[in-house]
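The structure appears right after this line, and notes come after that.
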Amino acid sequence: MRYLIETYGCQMNKAESSALETILRERSWAPCLPEEAPDLVLINTCSVRATAENRAWGRIDHFAAKKRELRGSGQKDFALVITGCMAERMKDEIRSRQPEVDQVLGTFQKQAFGLVLDSVAAGRPLGDIEESPAFVFSSSYHEPGSFRSFLPIMHGCDNFCAYCIVPYLRGREVSRRPSAILAELVALEDSGVREVTLLGQNVNSYSWKATDPDGPEADIDATDLDFPGLLRLVAAHLKGRGKGGIRWVRFLSSHPKDLSDEVISVLAEEDLYCRHIHLCVQSGSDPVLKAMNRRYTRAWYLELVGRLKARVPGLSLSTDILVGFPGETEEDVDATIDLIREVGFSYSYMYYFNPREGTPAATMDGRIGDKAKKARLARVIKAQAATTRASMERRVGAVDEVFVESLSKRRKTEVLGRTQRDEMVVFPAPASKVGSFARVRLLSLSGNTFMGEELDGSA
């Protein structure tokens, strides 16, 4: 049996697709090659923004048309299964708009994926599947041949920001068993992974509550553990193994309110953790932050940034910026631009407000027209581009360690790497350098990528 998976949205979605792919392989399914016809098409969707939904709808419509075409020509068609956030939020709409869809699996139905595969393999119709309150965590997201992996440590969100649909689709926060996280880290290191990113919708609110011992490492689970405690546990465990395979660990996404001084201390003391944090701010205006229910002020955020930079020299910061929120003024946008410049974000994910049905912001007064939202977004993008450029120009001439991720797409005599600060670097090196670390001097800029040269003595 052959399968095709398409994934949209965040790294958590990619990790969950990886977990579903593991189930497929355990049942001896194989990925569909370009020249082969699939028996199953799985589309893992995102509902955080309208653009992500539109892309997913395009693919759903495409495969629905393909099913009709196959049936019309008397050929065997495939099972079309939709999962992810759209499946949770728009289950009835998906079934109504595209009757060709065979199954819609919501957030808390993915654990029944095996039942779907059994039905497809046996040629039976796919029936309804019950939701289950017991959440099953996805495994790490590790592409074959890659030296990087994404490891979920928690699921859900308790923040209920006024614009965000995630808590309603993903549920409340649930943290993963520490022993399971460590076991997966060991497996990743043994498989050749060199860099891991810990994932969570609000990763630094990780909170494990002690349970009764169960299994060879379960004494680890018998103690309450917060996020900085987990970071120290991960560092100690990897160092204790003495393999030195996983040398860098990152984490995302971080809510500012949960980035404690203890987390800052861990970053300052443990060289395992990369000198980069994605610290979502959303706006630089106090009235907008309050309306968004972000639970911090501009001054508080800037104070946090100051503590981070003082304790962790060389740290870079990136962020998310949302413009056009209901009630936002041009002065609020000015405040956001000033914040971008004052913090000196290395980059930002910038977007304008699109109402998500079911969130408080969807019914707020003061709605802003699309033309104004796009104009404001253009201003913010321009400011961030200038800030990024100035920051990168100051880095020209610096020497830094780089993790080599792949060959360059332009020249096979060059490789593409990334610094701890999440900066991309291209430099001449053989293909054998991929998956290793190198000391590189940053010589010049090509767009938002550094051109560099490897120095003698690289790892």
Item checked: Exposure proxy order (Cβ contacts within 10 Å, fewest to most) of Tyr8, Tyr349 -> Tyr349, Tyr8
Notebook entry, point to check: For Lys412, which lysines qualify as cross-link partners when the Cα separation must be under 26 Å and same-chain residues fewer than eight apart are set aside?
Noted result: Lys433
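What's the extension gain from Leu443 to Asp219 if we count 0.36 nm per residue and subtract their Cα-Cα distance? Each step should come with its number before you reach the end.
Details: separation 224, 0.36 × 224 = 80.64 nm, distance 5.00 nm.
Additional length available on full extension: 75.6 nm.
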Checklist line | Computed [θ] at 222 nm, deg cm²/dmol, the chain (DSSP H ≥ 4; -39,500 (n - 2.57); rounded to nearest 500) | finding: -11000 deg cm²/dmol
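What does the charge dipole of segment 399-454 about its Cα centre add up to, to the nearest 20 debye, if the Cβ of each Lys and Arg holds +1 and the Cβ of each Asp and Glu holds -1?
Details: 9 positive and 8 negative charges, 48 e Å.
So the dipole magnitude of segment 399-454 works out to roughly 240 debye.
Which value in Å does the Kirkwood hydrodynamic radius of the chain take, with 1/r averaged over all unlike C-alpha pairs and then inverted? It would help to have the intermediate numbers written out before the result.
Details: mean 1/r = 0.0417 Å⁻¹.
It works out to 24.0 Å.
Quick one: longest stretch of the chain between exposed loop GluC sites (Glu not before Pro), exposed meaning at most 13 other C-beta atoms within 10 Å and loop per DSSP?
132-356
Taking the Cα centre of segment 301-459 as origin, work out the dipole magnitude from +1 charges on Lys and Arg Cβ and -1 charges on Asp and Glu Cβ, in debye rounded to 20. Walk me through the numbers before you get to the answer.
On the way: 24 positive and 22 negative charges, 107 e Å.
Using Cβ point charges on Lys, Arg, Asp and Glu, segment 301-459 gives about 520 debye.
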Notebook entry, point to check: Listing Arg170, Arg307 from the residue with the fewest other Cβ atoms within 10 Å to the one with the most, what is the order?
Noted result: Arg307, Arg170
Note to self: Over all directions, how big on average is the projection of the convex hull of the alpha-carbon atoms in segment 399-454, in square nanometres?
What the structure shows: 3.2 nm²
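May I ask you to derive the FRET efficiency for Lys76 and Glu393 from their Cβ-Cβ distance with R0 = 41 Å, giving the value to the nearest 0.05?
On the way: r = 58 Å, r/R0 = 1.42.
Efficiency for this residue pair is about 0.10.
Which value, in debye to the nearest 20, describes the size of the charge dipole of the chain about its Cα centre when Lys and Arg Cβ atoms bear +1, Asp and Glu Cβ atoms bear -1, and nothing else is charged?
Working: 61 positive and 63 negative charges, 269 e Å.
It comes to approximately 1300 debye.
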Next item on the list: Treating cross-link reach as a plain straight distance, find the lysines whose alpha-carbon is under 24 Å from the alpha-carbon of Lys66, omitting any fewer than eight places away in the same chain.
Entry: Lys76, Lys91
Notebook entry, point to check: Whose amide H sits under 5 Å from the amide H of Trp248, counting only residues 5 or more places off or on another chain, with H placed in the peptide plane?
Noted result: Val196
Notebook entry, point to check: Among bridges DSSP assigns within the chain, what percent are antiparallel (round to 5)?
Noted result: 40 percent
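Would you list Trp208, Trp29 from fewest to most Cβ contacts within 10 Å? Kindly include the intermediate steps, with their values, before the conclusion.
On the way: Trp208 23, Trp29 19.
Neighbour counts put them in this order, fewest first: Trp29, Trp208.
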Notebook entry, point to check: Which Cys residues of the chain have no other Cys beta carbon under 4.7 Å away?
Noted result: Cys10, Cys32, Cys46, Cys85, Cys157, Cys274, Cys280
Next item on the list: Give me the distance in nm between label points sitting 7 Å out from Cα along the Cα-to-Cβ direction at Leu302 and Arg241, one decimal.
Entry: 4.3 nm
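Bear in mind that the values in this text are calculations on the coordinates, not laboratory data. If you're wondering where the values come from, they're calculated on a predicted model, not measured in any experiment. Note that each Cβ is placed from the backbone with ideal geometry, even for glycine, and that neighbours are counted across all protein chains shown.
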